[in-house]
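The values are calculated or read from the model by the stated rules, or taken from the named source; none is laboratory data. Keep in mind it's a predicted model, so treat the numbers as computed, not measured. Please note: Cβ atoms are built from the backbone with ideal geometry, for glycine as well, and neighbour counts cover all protein chains shown. The protein model used for the area step is the full one, side chains on, heavy atoms only, and it has no ligands, DNA or RNA in it. Shrake-Rupley method; radii C 1.70, N 1.55, O 1.52, S 1.80 Å.
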Amino acid sequence: EVQKHSVHTLVFRSLKRTHDMFVADNAKPIPLDEESHKVKMAVKLRTEYGSVLHMPTLKENLREKGGPNTGDPYGHKQYSGNQGQELEYMITGTHPYPPGPGVALTADTKVQRMPSESAAQSLAVALPASQSRLDANRTAAGVGDVYRHAGISERSQPPGMSTAMVEAGGNKNSALMAKKAPTMPKPQWHPPWKLYRVISGHLGWVRCIAVEPGNQWFVTGSADRTIKIWDLASGKLKLSLTGHISTVRGVIVSARSPYLFSCGEDKQVKCWDLEYNKVIRHYHGHLSAVYGLDLHPTIDVLVTCSRDSTARIWDVRTKASVHTLSGHTNAVATVKCQAAEPQIITGSHDTTIRLWDLVAGKTRVTLTNHKKSVRAVVLHPRHYTFASGSPDNIKQWKFPDGNFIQNLSGHNAIINTLAVNSDGVLVSGADNGTMHLWDWRTGYNFQRVHAAVQPGSLDSESGIFACVFDQSESRLLTAEADKTIKVYKEDDTATEETHPVSWKPEIIKRKRF
């Protein structure tokens, strides 16, 4: 039988239990052990400041006749550089704490003041020749690396300062010299692009576009469920293919065989034989709409991505599903293939980009920098780099590990498509019908285009779903929401004088995310 107690007794017991639990108060810091603290500080000083402890320095106001250990609370011995001689030099003005063991606090450092700019710039520390060369090499590499690899955290140098080697009377000094903050390099000049042809014929949004390897014709897929083949030179319709029962979301022409591949929101992936203009293979497996596809450049493999959060790798000939690439947590919007590792890149509505190992069928790297859906990825045809497009930013990355290069900011819209040519022109097309053209190397936005919708369309039907350069890279084709295909070319009459780069050398503001 349970013994009954008064509320007073129960409360008192509860208080006692609580008191006993917290009486030790484990959150309190343990008392400092002086001996181990001395050892810790000695090790820290040797590892972090070992290279400068021996340095003779400029003569400054030493505290009145204090011994070598005046400012040293830990009683360190003098290091080899200062043994057998009285300490009469000191580094000041660079840091509010004693700069090394056995160094006295000065009036400046006692009051914990940060140095003035002039004090920091006038500081020159004489190094032994071998040490100075070592330090100069290390510093030069550090600075270069910081500005070359923007993705690496910029800890090597304080902003606005760089270390330079100064030779005076045979003595090498490592001097801190004021230097301008890094600025964006001048972008390469690109002629502006102008609209020169509008092709109509589809009865629904034009969702995808591809140019065949021979550069004679191109193919489009549409929300009217048809695939149309057009003559590239004249813009005339050559052929219409029917078979999909919902919007066609992806088309690609094989360079290795006379096949055209298409995918759509009907979950189907089809292979068309262009000699007979008939479907010869179906690839079954996706559980929802198939949003994109790409062919591997060197082996007979097809990769598709879907709203079912997976990408699938298919053997073109046997129709077998080689791998199902799972890992994304939302629809996979875009997929790209290349011959080098990583051979497959996917972008998803879960905001991540994944680089895949084709052989193992597993993720190599997941890039989580984007804050919003990644609907477009493009690989540079010459450099070992790629770009991804999202409403928050366009980001450039380096293969094979997906190291971040830079952000291309300013296209504030849902970016559906990206294309890049060998000349370094990157094109981003958005859901609101705007198209921005960028210099790949510097990220400079040199042109913005918003073409009018075709007569009879609503202004809201302004949107770019896909864009691609032809094989000669002299034409740019866009697939749009006003049911047209627009063709752009470079303005031959433009020169650098008539269309100057309105570029200012702004200070680079690197962002990791």
Legend entry - Looking only at the stretch 199-247, and only at residues there that are among the β-branched types (V, I, T) and either in a loop (DSSP other than H, G, I, E, B) or in contact with an Asp or Glu (Cβ under 8 Å, 6 or more places away or on another chain) (or both), the one that is farthest from Q471 (Cα to Cα): I245
Legend entry - Residues of the stretch 273-297 that turn out to be surrounded by fewer than 20 Cβ atoms within 10 Å (Cβ to Cβ), closer than 18 Å to I227 by Cβ and not hydrophobic (A, V, I, L, M, F, W, C), as a count: 7
Inset, instruction - Please enumerate the residues belonging to the stretch 298-353 that are among the aliphatic types (A, V, I, L, M), over 20 Å from F465 (Cα atoms), open to solvent by less than 30 Å² (accessible area, probe 1.4 Å) and outside any strand (DSSP E or B). - result: V316
Legend entry - Checklist (1) of a type in the set (V, I, T); (2) open to solvent by less than 20 Å² (accessible area, probe 1.4 Å); (3) more than 30 Å from S460 (Cα to Cα) applied to V377, failing item: (3)
Inset, instruction - Any chance you could count how many residues in the stretch 394-427 are among the hydroxyl-bearing types (S, T, Y) and within 16 Å of the chain's Cα centre (by Cα)? - result: 1
Legend entry - Residues being surrounded by fewer than 19 Cβ atoms within 10 Å (Cβ to Cβ) and among the small types (G, A, S) - total across the stretch 212-242: 5
Inset, instruction - Working only within the stretch 463-485, note down all residues that are under 21 Å from V248 (Cβ atoms) and not in a strand (DSSP E or B). - result: G463, D470, A481, D482, K483
Inset, instruction - With respect to V374, determine if the residue is β-branched (V, I, T), within 18 Å of I464 (Cα to Cα) and not in a strand (DSSP E or B). - result: yes
Inset, instruction - Please tell me if G389 is touching a residue at least 24 places away in the same chain (Cβ under 8 Å), closer than 24 Å to A451 by Cβ and touching a Phe, Trp or Tyr at 6+ places or on another chain (Cβ under 9 Å). - result: no
Inset, instruction - Output the number of residues of the stretch 7-28 satisfying the condition of being among the small types (G, A, S), surrounded by 10 or more Cβ atoms within 10 Å (Cβ to Cβ) and at pLDDT below 85. - result: 0
Inset, instruction - Confirm whether A452 is among the small types (G, A, S) and either open to solvent by less than 60 Å² (accessible area, probe 1.4 Å) or not in a loop (DSSP other than H, G, I, E, B) (or both). - result: no
Inset, instruction - Tell me, please, whether a residue that is buried (at least 22 other Cβ atoms within 10 Å of the Cβ), within 28 Å of D308 (Cβ to Cβ), modelled with pLDDT of 95 or more and of a type in the set (K, R) can be found in the stretch 365-374. - result: no
Legend entry - the stretch 379-415: number of residues that are part of a loop (DSSP other than H, G, I, E, B), under 13 Å from I345 (Cα atoms) and charged (D, E, K, R): 1
Legend entry - Hits in the stretch 385-415 - residues which are among the hydroxyl-bearing types (S, T, Y) and open to solvent by less than 10 Å² (accessible area, probe 1.4 Å): S388, S390
Inset, instruction - Given the conditions (1) open to solvent by 10 Å² or more (accessible area, probe 1.4 Å); (2) in a loop (DSSP other than H, G, I, E, B); (3) not polar (S, T, N, Q), report the number of the one that K489 does not fulfil. - result: (2)
Legend entry - Yes/no for K270 being in a strand (DSSP E or B), closer than 26 Å to S200 by Cβ and either open to solvent by less than 40 Å² (accessible area, probe 1.4 Å) or in contact with a His (Cβ under 7 Å, 6 or more places away or on another chain) (or both): yes
